[in-house]
1. Would you pick out the residues in region B:70-93 that are free of Cβ contacts under 8 Å to residues at least 40 places away in the same chain and within 16 Å of DNA strand D (Cβ to nearest atom)?
2. In region A:70-87, which residues are farther than 20 Å from B:S9 by Cβ and either aliphatic (A, V, I, L, M) or at pLDDT 95 or above (or both)?
3. Kindly state which helices (runs of 4 or more DSSP H) lie completely within region B:22-117 and contain at least 1 residues that are at the interface with chain A (Cβ under 9 Å from one of its Cβ atoms) and either within 9 Å of DNA strand C (Cβ to nearest atom) or surrounded by fewer than 14 Cβ atoms within 10 Å (Cβ to Cβ) (or both).
Number of protein chains: 2
Amino acid sequence: MVKSILDESCILNQSLTLIADKWTLLILMALMQGTKRNSELNRQINGISPKMLTQTLKTLIRYGMIERTVYPEVPPRVEYTLTEFGKSTADPLMALLKWSVDWEEQLTTLYKNRQTGLAGKDQSATK
Amino acid sequence: MVKSILDESCILNQSLTLIADKWTLLILMALMQGTKRNSELNRQINGISPKMLTQTLKTLIRYGMIERTVYPEVPPRVEYTLTEFGKSTADPLMALLKWSVDWEEQLTTLYKNRQTGLAGKDQSATK
DNA sequence: CGGTATCCTAGGCGATACTG
DNA sequence: CAGTATCGCCTAGGATACCG
């Protein structure tokens, strides 16, 4: 009997709307290791653009999931740290990581074969 | 020592690209209860449009996460079931559900206050 | 009922350039 | 180095209407 799942689906819907985002999750995951600077995150998160980094960080600050600390130094230094709320995402995130590793083969294959465009679309323009 | 997280971040990136989608996760979650019909899913998943339902189901079939069964009856009946691969998402999904319930208050507040537009934007047009 | 096809708009997101 | 602002593509995804 898993009826409760559907009862909760509304909450799930909300949480997914808020954080079910690739960059959001990747940033949270990266910060699980501890405080990091903007440039570190930029380097470690494969493929994120500076714009999306800053933007997502700001959102996470609004959410109260991370904290921003500015050090008044000459070469400016800003550090980001997880709050307790942010840290609380560790459980689902680790479960997801484990799953990703367990199914790595399928996932990699799917990733490579994933469609750039849409299902029945003409692919002649596949640059 | 959590270095491995970053080493795996590429796989995480891949899996997130594939399934870190609100509707995808909601559908998987709904099917955890067992086989379901199109209309059932449509009813139980809060706010999904028929188009997104069909589209996401098709993607999940391509991924090999669900199976589609057609019953050649007069009022057509089609059922969707999780494959083993699909079922394997139960762990991360349940962890996420638990987290959502644990932090329900914050999430609901954030959800209500979430911005429709962008950060520093003019909100005079907030319809 | 289940699914497809078309239209159409908001906004995600990269690229680029500029401030402190 | 950290961050903002601007432009512009291009896609997600809702609304609507039509087939088997």
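The values are calculated or read from the model by the stated rules, or taken from the named source; none is laboratory data. Just so we're clear, the structure is a prediction, and the values are computed from it rather than from any experiment. With ideal geometry, Cβ positions are generated from the backbone for all residues, glycine too; neighbour counts draw on all protein chains shown.
1. Correct list: B:V70, B:Y71, B:P72, B:E73, B:V74, B:P75, B:P76.
2. Correct list: A:V70, A:V74, A:V78, A:T83, A:E84, A:F85.
3. The qualifying helices (runs of 4 or more DSSP H) are B:50-62, B:90-102, B:104-113.
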